[in-house]
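Before any comments, here is the structure.
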Amino acid sequence: MIAAYLAGAAAFCLLIYRFARSGYPGVRYTWCLSACLATGMALTTPGAVELLDRGHSVPMLTTLASDCLKISALGFLVLFLGALRGATRRHGAVLVMTLVVVVAEVVLFLLAAPRPVGGDLVVAPGRTGVFTAYLAVFVASGLAGLLVFTVAIGATVRRVSGPLRVGLILTTAGGVTGICWVVWTVSDIVALVRDGRIVLAEDAISAVLGVTAIGLSAVGATVGLWHSSLAALGRARRARREYARLEPLWLLVSSAAPGVVLEPGLRVRFRNAEFALYRRIIEIRDGYLALRDHIPLTVADPTPAGEAGMLVAAAEASRTGRRYRPPDQHSPSDHRPPRRSDATATAETAWLGQVSDAIRILSPARASQPTARTGSSPHQQA
């Protein structure tokens, strides 16, 4: 058991060190907040209590350490809010106030002198008021910090957009969950006044609320770290979908002009999906140029269906060797695709996708041929 605790502590310290060196103060404060909350909750587990509370003249030190860590977490929460607002000059005052609350909690705890009895925390009848004040200070400081933080963060959600807004919404949700977690501590005050004892271990509801608050806050504060990865994954999925959509058009031009294929055996994966899509578009446009001598001169339909019919006719003419103009008698502008006002990579992909859809309808036999992703090449298909 001790070895497991030591391994977990080493990994935990490494994690804190990694994020404490982050360039943005808000990230450091958020991870310090999460570390304090996680450690505070871990100290209230039965295994930690049994291991750490042995041989001390002052009982219940794990409970005191847990509550002090939770109060420190609220201090880091206020520091995080100051980092968002750029109010770094007040960090010293926040640290002093947090230290004062921690010292007050330590004094009240030592005066109350609670002791464990049968898995419960028991206070002598004459000291119930002192321990009630201890719990009240904890609840008041927690509510004050969380309410200020949640209101301030929630007020800025409508002013921003994109990943920052997502992060603020998640962080606000974490603040609301934290408020519920602190309010749940009132049940301990009620139990103490009524029975003179409270349950020592953290109950299931409190644990769930605490873990949820930690998770939402951490995810919201680090949205910039994982949003770019999710965006890249989304682009890769779209690229794979567009790559497959262009397959009938690519098969048509590459079968008629095999020399345009740059890498016949290219396998499309998430890491190279965008590159593969751009390469396929280039190969298709090279195929347009290779077929320009075989395009009927009377074709002038600017719609995707018209362009698809033109390419099907050109591919058939290329197969039979029919040319509508000798290679040395055309100008560079002959049969060049018409210019469009939205000539961007996205618009080009969308246009060629429509042409490919039309070819799939006009020539379903070609659309069902094997693709180069499985290792077959246009040379073999031809």
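Details
- The stretch between V106 and R267 holds 51.6 nm of extra length on full extension. This uses 0.36 nm per residue minus the Cα-Cα distance.
- Considering the stretch 209-308, its Cα convex hull presents a mean projected area of 9.7 nm².
- About the centre of its Cα atoms, the stretch 129-222 shows a dipole size close to 420 debye [charges on the beta carbon of Lys, Arg (+1) and Asp, Glu (-1) only; nearest 20 debye].
- Whole-percent carbon and sulfur share, accessible surface of the stretch 183-290, 1.4 Å: 63 percent
- Here the stretch 88-143 has 73 percent of its accessible surface on carbon and sulfur atoms, given a 1.4 Å probe and all protein chains in place.
- Annotation: for a label point projected 7 angstrom from Cα along Cα→Cβ of V157, residues of the stretch 179-214 with backbone N closer than 16 Å are 179-180, 213.
- List R322, R165, ordered by accessible area with a 1.4 Å probe, largest first: R322, R165
- Around the amide H of V268, modelled in the peptide plane, lies no amide H under 5 Å away from a residue 5 or more places distant or on another chain.
- The accessible area of W226, taken with all protein chains in place and a 1.4 Å probe, comes to roughly 80 Å².
- Gyration tensor (alpha-carbon) shape descriptor, the stretch 162-216, a/c threshold 1.5: prolate
- Taking Cβ atoms as reference points and 12 Å as the exclusive limit, the residues near A136 contribute a net charge of -2, counting Lys and Arg as +1 and Asp and Glu as -1.
- The stretch 124-177 shape via C-alpha gyration tensor axes, a/c threshold 1.5: prolate
- Spatially, the stretch 256-310 and the stretch 141-207 are offset by 58 Å when compared through their Cα centroids.
- Rounded, prolate or oblate (a/c below 1.5 giving rounded, otherwise prolate when a/b exceeds b/c) for the stretch 97-190 by Cα gyration tensor: prolate
The values are calculated or read from the model by the stated rules, or taken from the named source; none is laboratory data. Values in this document were obtained by computation on a predicted structure and should not be read as measured data. Glycine gets a Cβ as well: all are built from the backbone with ideal geometry, and neighbour counts include every protein chain shown. The accessibility values were calculated without ligands, DNA or RNA, using every heavy atom of the protein model including side chains. Shrake-Rupley method; radii C 1.70, N 1.55, O 1.52, S 1.80 Å.
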